[in-house]
Amino acid sequence: MTIQPGVLVVVRHGESTMNAARRFTGRMDVGLSDAGVDQAHAAAALMRDCDAVPDLLISSPMLRARRTVEVIRTDLGLTAVPVELSWRLVERDYGCLTGMAKHHARELLGPEEFMTLRRTLHGTPPPVAPDAGVLARCYTDPATALSPAGAGESLHDVIARVGPWWAETVPRLRRGETVIVVAHGNSLRALCALIDDLDEREVHDLNLPPGHPLVYDVASDGHVTPRGGRYLDPTSAHRAAEQIAGEGGT
């Protein structure tokens, strides 16, 4: 019996209210902007057109990801499809940058340090002050191994926590299942780094636009193709990714 390839559909949540304000969001648990809701609807429309019917929806437990899943699930009539939440898909913790306007962070740090903290594998923002008001709005889950909100993470740290989730998900895909995963710019950059074995330069240059489904096929032997995935609307997705890069990246 030949097993059809499994399908992994990767979706970055729609624009959040903090994204719209051009502030570092990280672990702040905020909802979608109106534009973000529209992006979630657009992602659902693209998946409907390509007949991507999932066996499972997996989401970050943060509000903006769950709201995106809710829109996709409703638009595609997937109320019978289970939704799993994984703390390992939570967004990167930006430490002291959390909630800060991006233009202010660039002025404060200088262009080189700003890009080091934002885009490289090992750049780690310093922790936020323990009494900072922003912590009250941050997602945390003491029942897991998630780091305390505000501690700061590098992308390498995020890759380390996403890795076990990916290892647990691969067997489902190898059995031919279709899985839609909805998470964040950096937790999905981490996932793509694992899937595609990206080097540091490729990680630096990777930007995933919100609301643009990225599709991978997974063979029964675990081989994933194509490298880098394929967007369902490549022209619009690449244009949106270039815009993100022009603003300093995801």
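The numbers here are math on the coordinates, done by the rules we state, and not lab data. The model shown is predicted, which means the values in this text are computed figures rather than measured ones. Cβ coordinates were reconstructed from backbone atoms using ideal geometry, including for glycine residues, and neighbour counts include every protein chain displayed.
Tabulated values for the structure
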{"read-out": "Whole-angstrom Cα spans of region 104-226 along principal axes, big to small", "value": "49, 35, 24"}
{"read-out": "Theoretical gain in end-to-end length, ASP199 to HIS122 [0.36 nm per residue, Cα-Cα removed]", "value": "26.5 nm"}
{"read-out": "Acute angle (nearest 10 degrees) that the helix 234-246 long axis makes with the longest principal axis of the chain, alpha-carbon atoms", "value": "10 degrees"}
{"read-out": "Net charge over other residues, Cβ less than 10 angstrom from the Cβ of ASP93 (K, R count +1; D, E count -1)", "value": "-1"}
{"read-out": "Top of THR169, THR17, THR124 by mean-square fluctuation, Gaussian network on the chain, Cα under 10 Å", "value": "THR169"}
{"read-out": "Around HIS104: net Lys/Arg minus Asp/Glu count, Cβ-Cβ under 11 Å", "value": "+3"}
{"read-out": "Global geometry of region 191-250, whether rounded, prolate or oblate, following the gyration tensor of its Cα atoms and the 1.5 cut on a/c", "value": "oblate"}
{"read-out": "Interchain or long-range residues, amide H under 5 Å from MET100's placed H", "value": "PHE24"}
{"read-out": "Derived scalar couplings ³J(HN,Hα) [region 102-118; Karplus, 6.51 cos²θ - 1.76 cosθ + 1.60; whole Hz; x for Gly, Pro]", "value": "5, 5, 5, 4, 5, 5, 5, 8, x, x, 5, 5, 4, 5, 4, 5, 8"}
{"read-out": "Size of charge dipole - the chain - debye, nearest 20, with Cβ of Lys, Arg +1 and Asp, Glu -1, no other charges", "value": "280 debye"}
{"read-out": "Residue-count net charge about ARG174 - beta-carbon cut-off 14 Å; Lys, Arg +1, Asp, Glu -1", "value": "-3"}
{"read-out": "Region 122-206: relative contact order in percent, alpha carbon pairs under 8 Å with at least 6 residues between", "value": "28 percent"}
{"read-out": "Sequence-separation-based contact order of region 187-232, relative, with Cα cut under 8 Å and 6+ spacing, percent", "value": "34 percent"}
{"read-out": "The chain: translational diffusion in µm²/s, Stokes-Einstein, Kirkwood Rh over Cα pairs, 37 °C, 0.692 mPa s", "value": "181 µm²/s"}
{"read-out": "Nearest 10 degrees, 0 to 90: helix 185-196 Cα axis against the chain principal axis", "value": "50 degrees"}
{"read-out": "Rounded Å value of the spacing that divides the Cα centres of region 152-191 and region 91-107", "value": "24 Å"}
{"read-out": "Prolate/oblate/rounded label for region 180-223 (Cα gyration tensor, a/c 1.5)", "value": "oblate"}
{"read-out": "Amide hydrogen neighbours beyond the local backbone of SER59, cut-off 5 Å, H modeled", "value": "GLU84, LEU85, SER86, VAL182"}
